[in-house]
Every structure is written in C-alpha cells, then in structure tokens.
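Structure record follows, encoded as structure tokens.
The values are calculated or read from the model by the stated rules, or taken from the named source; none is laboratory data. The shown structure was predicted, so the numbers you read here are calculated from the model rather than taken from an experiment. Methodologically, a virtual Cβ is constructed for each residue, glycine included, from the backbone with ideal geometry; neighbour enumeration extends over all protein chains shown. Surface accessibility is based on the protein's heavy atoms, side chains included, excluding ligands, DNA and RNA. Shrake-Rupley method; radii C 1.70, N 1.55, O 1.52, S 1.80 Å.
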Amino acid sequence: MKSFTYERATSPEGAAAAAFARPGAKFIAGGTNLLDLMKLQIETPLHLIDITRLGLDKTESLPDGGVRIGTLVRNADLAADPRIRKDYAVLSRALLSGASGQLRNKATTGGNLLQRTRCYYFYDTAQACNKRTPGTGCSALGGYNRLHAVLGTSEQCIATHPSDMAVAMRVLDARVETVAPNGARRVIPIADFHRLPGNTPHIETSLLPGEMITAVTLPPPLPGKHVYRKVRDRASYAFATVSVAAIVDTAGGNLRSARMAFGGLAHQPWRVLDAEAMLTGAAVNATSANAAADRVLHGARGFGHNDFKIPLVRSTLRAVLAEA
C-alpha cells in the first residue's frame, strides 16, 4: 500500500471542499471496497478524508411518506429497518443477498452505490483495462468474460456494476442527494447517477470533482409484491450473474403494473420503461414475460463466455412474474 495522508472531516461541506482541494483525495467510510483496491494498488489516493463522524447515519421518514437514508447508514441496519422491511421489501431483500453479514455490518449506503466493478481484468494490474488505466485496452473483450455485460457495452469496456442495492434503488426511483465543494446541494435521480462506459469507462458516475453523497431518498411506498431474485454461482458471497428487482401489482391473473430493474447485465442497473408498459394489463404468463424480456434485451450482445446471460434473463423474468 502506498503512503497517503489522512484527515477527519467535521462537516459534509468541509469534506467536499477538502476533496476538491486535494487532487487524488478519496472519501472513506466503511472502506469495504476502497481498502481492498488500495492494497492491490488499483486505487492509490494521496489523501483520505474520513466522513464517518458526520452524523449521516440515520434513516428518517419524510412528510410525503417516503424515506431519507443517510449516506453512512450501514447495509445491515438498512436491511433490518422496520420501515424498509415493510414498505420497501425489495430493497431489504437485495441488501441481504449481497456480500456477507460481516461486510453488511460495515458497508454504507453511499459506498455501496460507488463500489467499483469486480471485473477480473480490472483487479489484475498485469492486464490491460481502460477503467483502471484509460487508453490501455479492454482485456475482457477477448478474454474470459462469463460475468461481463451484454447491454450498454462499448469497445472500451464490458464490465458490470456489482451492487445489488443499486438495482433495488433503480426500481424504486431513488434520488441521490449530494453536497458540492462550494456547499451547493443537488438531487440526482438514480437513473442518471451511474454512467455507461462509452469512451470513458473510468468515469462511472455523474458526480463532479469533490462532490459527496449525503443521502438517498425513496418515494412513498408503491403497491404490489416486492421480489428480488438473484442468480449466482453459489448461495452466498457471490455477485449476480443476473438479478431482477421487481414490484408487481396483480389482479385476477393480470398485471395492473410492473416495475423491474436488472443487475449483472450492464455498467449500471438496467431498466427499460417500455418493457414495463408492455406488461401493464397483460396476463401473467410466459408469453407476456418473454415479450417484455425481448424488449429489455434489445441490442444485447454476448461476448462468448457470457452468451448464456441472454436466455437466462428470459427465464429469470418468467420466474419473477410467476412468484409475484
């Protein structure tokens, strides 16, 4: 691990200003991803800003019936919160399917949204990776790419976003609250937060230099059954091959509404509103599920080892709608 300096922030505005003033600075909270990357010298921050004492670790009810989740709320605490379990069960289930109990006790809400890909080539500093070192190439394109993206890819990167929580946040239309180095506040819809790789796969979010997440807000609860289905290679401590977060409202065997976001397919949680519209009023059966899956998969491209993900999306969506 390379040398770095350290400070403990005393306010969100001060933390953002310090990050902007020190090129190469990083925020640290739980550190469940950042410290691993530092040990491997994939991340080499010159300065760490500790934000754990800022009091941003509360989950609060909002006047409109929604919820505000502080950026430092631990994943385990959020999953166990009675309001989340009752009104946002898809989020609780997604959190509980991620990582291990020990990591969930440490990992934070903001950090979960910002965690970096688990692409094998990103983690291997002997391999070319545009995300790690822009302009060097993407080893995954011609390499072993079983867990890689089939949607939203580019010739520069086919990595996936690893978060389960972010997929549930996407189906819930969460909003990310931030503070800038000048103290200005803004709200970013979760749909606009994560970026596709394009020609700049190293730029992963819409955050500006020094900008810090302070909270995530959820809208009032939505009607319907909440489902989170994660297909993975083993029952725990594994990232999704394909995952689906869904909120499905049915009546008499027909769908009144269906929301669904997918993980394991792209550089960001993947949601296709046209596919949801197709399901509104449709019968719950394989035909409607396959039609919606085809719309979700429009433009999908496998890279050899991950070709199986395309039919797997169809079967997983059928299972989710059947469960709902």
**Q.** Computed accessible area, PHE303, all protein chains, 1.4 angstrom probe, square angstrom
**A.** 30
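Count the DSSP beta bridges whose two residues both fall in region 13-155, then state the antiparallel fraction as a percent rounded to the nearest 5.
Around 55 percent of the beta bridges assigned by DSSP in region 13-155 are antiparallel ones.
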Q | Projected label distance in nm at PHE4 and ASN254, using a 7 Å step from Cα toward the beta-carbon | A | 5.6
Q) What does the highest-first list of 34-44, 192-202, 209-219, 168-178 look like by mean Cβ count within 10 Å? A) 168-178, 209-219, 192-202, 34-44
Q: Using a Förster distance of 25 angstrom, determine the FRET efficiency expected from the C-beta separation of ALA322 and ASP173, and round it to 0.05.
A: 0.50
Q: For the chain, give the share of DSSP beta bridges that are antiparallel, in percent and rounded to the nearest 5; count only bridges with both residues there.
A: 85
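So what is the 222 nm mean residue ellipticity for the chain from helices alone, if each DSSP H run of at least 4 adds -39500 (n - 2.57) and you divide by all residues, rounding to the nearest 500 deg cm²/dmol?
That calculation yields -7500 deg cm²/dmol at 222 nm.
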Q: Please work out the Cα center distance from region 152-211 to region 1-75, rounded to the nearest Å.
A: 16
Q.
Sequence gap at least 6, Cα distance under 8 Å: using those rules, report the relative contact order of region 93-169 to the nearest whole percent.
A. 37
**Q.** Kirkwood-based Rg to Rh ratio, region 183-324, C-alpha trace
**A.** 1.00
Q | Pairwise label distance in nanometres, ARG234 with ASP64, each label 7 Å out on the Cα-Cβ vector | A | 4.3
Q | Tilt relative to the chain, helix 309-323 - C-alpha long axis, 0 to 90 degrees, to 10 | A | 70
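How far, in nm, would the chain grow between HIS47 and HIS298 when pulled straight, counting 0.36 nm per residue and subtracting the alpha carbon separation? Each step should come with its number before you reach the end.
Details: separation 251, 0.36 × 251 = 90.36 nm, distance 4.29 nm.
Extra length from HIS47 to HIS298 when fully extended: 86.1 nm.
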Q. Relative to the compact globular guide of 2.2 N^0.38 Å, what is the alpha carbon radius of gyration of region 42-178, as a ratio?
A. 1.21
Q | Choice from LEU208, LEU95, LEU114 showing the highest fluctuation, given a GNM over the chain with Cα pairs closer than 10 Å | A | LEU208
Q: Give me the percent of Cα-Cα pairs in the chain that sit more than 37 Å apart, rounded to a whole number.
A: 15
(Q) Quick query: amide H of THR160 versus all other amide H atoms, modeled in the peptide plane; which residues come in under 5 Å with a sequence gap of 5 or more or a different chain? (A) ARG118, CYS119, ALA149
Q) At each listed q (0.11, 0.18, 0.21, 0.25 Å⁻¹), what is the log10 of I(q)/I(0) that the Debye formula gives for region 28-97 modelled as equal alpha-carbon point scatterers? A) -0.38, -0.79, -0.92, -1.08
Q) Using a 1.4 Å probe on the protein chains only, how many percent of the accessible area of the chain belongs to carbon and sulfur? A) 51
